[in-house]
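The values are calculated or read from the model by the stated rules, or taken from the named source; none is laboratory data. As the structure is a prediction and not an experimental result, all values here were calculated from the model. Cβ atoms come from the backbone with ideal geometry, glycine included; neighbour counts cover every protein chain shown.
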Amino acid sequence: MLDVQLGEVLAGGPEGADEALDLVAGFDDALTLGLARVGEDAAAALSALAGALAASPIGDRVSEAADKVATGSIAGEHLAALAGGRAALCGAVHDALLGRLDTALGRPRTPWNPAPGAPRPDRPLGGQAASGDPRDGQEARSGDSPGGQEAGSGDGVPVQVPGHLLDGCRMWLRELAIVGWRGVDHDLAGAADQAIEALLAVPELRGLAVLLDGLAAELRASSPVATMDRLPARRWADLWTRGLLLAQRGPWHGGAEPVSGRLLILGADVHEHATVVRAQVHGVLEPTRGGQARLVRTSVAAAKVDTIVGPAVWRLMGAHPVLLGALAGHRSLEITDMPLLPGGDLVWHDDRAAAGEPADPFTTARVALPGVSAPAVPPLDRHPVRIAEPVLLEGYSVVDGSLDLSPAGGGHALPLGLDRLPRGGPLTPELVAASSACIGLMRWDGRWVLQPLAVQATVKKKPVAAHNGDWAMGPTDPKVVKAEAKAGDVVAVLRERAGRLLRK
């Protein structure tokens with residue numbers, strides 16, 4: 001009866017969600033024009049944002065920040081407060097959407113419990129209050145102090161990161177807010193390069209570095225932004241908000257716990273950009289000591305250049321043969337003392353995993369998904385576009401790029417996110433259209449969308465199964481193998497050239 005329950009979810013959004021997103025859009029419009037000179041419309045948008053949060057714990061700070069910015073005082077602490085207010089509204093919409101989906105799926109979710117001693121916005125780490133201009137490396141938001149940033153290591157052990165590494169990030173994001181997207185040119189878009197390079201050298205800050213590098217790359221490609229007819233205001237504001245909050249002082253994800261057990265893979269979501277590729281693997285963890293099975297994710301990533309595309313991107317992640325082998329071979333994994341963050345992310349260590357028995361992802365989805373427990377969502381991850389919940393749907397038909405859930409689904413169609421299909425796997429729009437079973441991720445981007453990770457279909461009267469990770473150890477389609485052989489190994493060529501340059 002899953003299709004019936006999803007039909008109810010597709011019938012309409014949560015009450016108040018549209019109004020909350022309208023407030024977010026008003027702030028984004030103000031950010032587009034810049035906060036150097038706030039006009040009447042922008043001032044009204046900031047006031048409305050503050051009014052919506054008046055009864056919340058951050059209401060006073062957001063209200064003060066809105067008043068200060070409207071009068072031309074743009075301190076770093078004020079921008080951090082406004083970013084926090086925007087994130088809070090997006091988080092409320094996220095929680096309402098995810099709550100409805102969890103109810104439809106009958107999926108219990110672990111509540112969020114911050115790690116003991118984690119900083120609150122009103123309690124700086126070390127008990128030291130800080131204030132002042134971000135050019136001095138001091139912010140009064142999220143427990144910031146000049147002493148440094150405490151971040152989690154791969155095993156969840158706190159490490160000290162010098163605070164000056166974040167100064168440049170905050171300065172750049174502040175300049176973007178002052179100038180506005182319409183005022184961005186090539187010089188401002190590239191002004192963060194030095195700060196990003198410094199962040200990349202610190203493993204605990206690489207996530208922030210990649211986020212800011214992506215924003216800078218998009219701004220460079222669009223500069224001068226003033227000449228654009230339309231710009232992705234919400235996307236850029238999302239990146240700006242997350243970047244500014246991540247650049248504040250304090251551990252955001254909490255400490256990790258070591259877990260052991262059997263990891264059953266559901267599928268892989270491959271994110272590919274010009275300079276980086278990431279494979280995010282969704283699965284079900286069955287703990288060694290028993291207890292309820294848990295939904296988990298794990299990710300491996302690698303830097304790349306824009307000439308490496310398609311199946312070749314998997315070779316960049318060759319340092320993780322156990323995980324990639326399990327993806328390609330449809331096998332379970334036995335993991336030992338793998339760090340698990342509170343948000344459900346396994347910090348992957350290939351040497352703590354071993355290949356297990358064959359495990360068909362569709363069998364896993366049919367047997368394990370109905371009783372699985374979902375992880376808590378960390379505060380900064382509470383955004384509608386970050387929803388990605390694994391589901392199994394069967395017995396549908398595909399009509400005009402959507403799953404037809406009729407008649408059980410009440411006539412509601414579930415659009416397919418075919419634009420998210422990776423180029424490095426055998427899953428194609430044609431196979432999805434011919435499918436009758438799909439493991440996918442329920443996403444929300446103004447409407448619910450299903451992103452396929454794997455499908456079962458009938459092609460030329462023969463059953464066929466295709467998964468995003470099938471080519472993790474190399475393509476299996478003879479035509480693709482032949483084409484790659486003819487084109488040559490781009491990764492090997494680039495590595496050889498790079499080695500030649502280094503030897504010189």
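Restricting A302, A319 to residues that are part of a loop (DSSP other than H, G, I, E, B), free of Cβ contacts under 8 Å to residues at least 60 places away in the same chain, hydrophobic (A, V, I, L, M, F, W, C) and closer than 30 Å to V481 by Cα narrows the list to A319.
Would it be correct to say that G283 is closer than 14 Å to W348 by Cα, assigned to a strand (DSSP E or B) and either in the same structural domain as L441 (by TED's automatic domain parsing) or without any contact (Cβ under 8 Å) to a residue 24 or more places away in the chain (or both)? Yes; evaluated as a whole, the condition is true for this residue.
A single entry from A312, A413, A355 fulfils the requirement of being of a type in the set (G, A, S), assigned by TED's automatic domain parsing to the domain that holds V281 and modelled with pLDDT of 90 or more: A355.
Kindly indicate whether G13 is outside any helix (DSSP H, G or I) and on the phi > 0 side of the Ramachandran plot. No; evaluated as a whole, the condition is false for this residue.
Just checking, which of T428, T476 is in contact (Cβ under 8 Å) with a residue 40 or more places away in the chain and farther than 26 Å from L341 by Cα?
Values: T428 fails: in contact (Cβ under 8 Å) with a residue 40 or more places away in the chain.
When all the criteria are applied, what remains is T476.
Taking the stated definitions as given, is R382 surrounded by fewer than 19 Cβ atoms within 10 Å (Cβ to Cβ), within 30 Å of D18 (Cβ to Cβ) and in contact (Cβ under 8 Å) with a residue 24 or more places away in the chain?
On the way: surrounded by fewer than 19 Cβ atoms within 10 Å (Cβ to Cβ): no; within 30 Å of D18 (Cβ to Cβ): yes; in contact (Cβ under 8 Å) with a residue 24 or more places away in the chain: yes.
For R382, the condition - surrounded by fewer than 19 Cβ atoms within 10 Å (Cβ to Cβ), within 30 Å of D18 (Cβ to Cβ) and in contact (Cβ under 8 Å) with a residue 24 or more places away in the chain - is not met.
Please indicate, with yes or no, whether at least one residue in the stretch 17-35 is surrounded by fewer than 15 Cβ atoms within 10 Å (Cβ to Cβ) and not in a helix (DSSP H, G or I). No, the stretch 17-35 contains no residue that is surrounded by fewer than 15 Cβ atoms within 10 Å (Cβ to Cβ) and not in a helix (DSSP H, G or I).
Within the stretch 40-87, the residues that satisfy the criterion of being in a loop (DSSP other than H, G, I, E, B) and either of a type in the set (S, T, N, Q) or buried (at least 23 other Cβ atoms within 10 Å of the Cβ) (or both) are L53, S56, T71, S73. For the stretch 251-266, a residue qualifies if it is crowded, with 17+ Cβ neighbours inside 10 Å, on the phi < 0 side of the Ramachandran plot and at pLDDT 95 or above, and the qualifying residues are V259, R262, L263, L264, I265, L266. When D60 is tested against (1) within 30 Å of R294 (Cα to Cα); (2) at pLDDT 95 or above; (3) not aliphatic (A, V, I, L, M), exactly one condition is not met: (1). What do you reckon, is L431 more than 20 Å from the chain's Cα centre (by Cα) and in the same structural domain as R262 (by TED's automatic domain parsing)? For L431, the condition - more than 20 Å from the chain's Cα centre (by Cα) and in the same structural domain as R262 (by TED's automatic domain parsing) - is met. Taken over the stretch 179-197, residues that are of a type in the set (D, E), under 24 Å from A75 (Cβ atoms) and either touching an Asp or Glu at 6+ places or on another chain (Cβ under 8 Å) or assigned to a loop (DSSP other than H, G, I, E, B) (or both) amount to 0. When residues in the stretch 268-319 are screened for being charged (D, E, K, R) and within 21 Å of L427 (Cα to Cα), 5 of them pass.
Mind telling me which of the residues A472, A465 ends up being more than 25 Å from D238 (Cβ to Cβ) and surrounded by 20 or more Cβ atoms within 10 Å (Cβ to Cβ)?
Values: A465 fails: surrounded by 20 or more Cβ atoms within 10 Å (Cβ to Cβ).
One residue alone meets the criteria, A472.
Against the condition outside any loop (DSSP other than H, G, I, E, B) and of a type in the set (S, T, N, Q), how does Q292 come out, does it pass? If you could, list the steps in order and put the result at the bottom.
Working: outside any loop (DSSP other than H, G, I, E, B): no; of a type in the set (S, T, N, Q): yes.
So Q292 fails the test.
For T363, the test of being among the hydroxyl-bearing types (S, T, Y), under 22 Å from W471 (Cα atoms), at pLDDT 95 or above and surrounded by fewer than 18 Cβ atoms within 10 Å (Cβ to Cβ) is passed. Does H320 meet the test of being surrounded by 16 or more Cβ atoms within 10 Å (Cβ to Cβ) and either not acidic (D, E) or not assigned by TED's automatic domain parsing to the domain that holds M473 (or both)? In short, yes.
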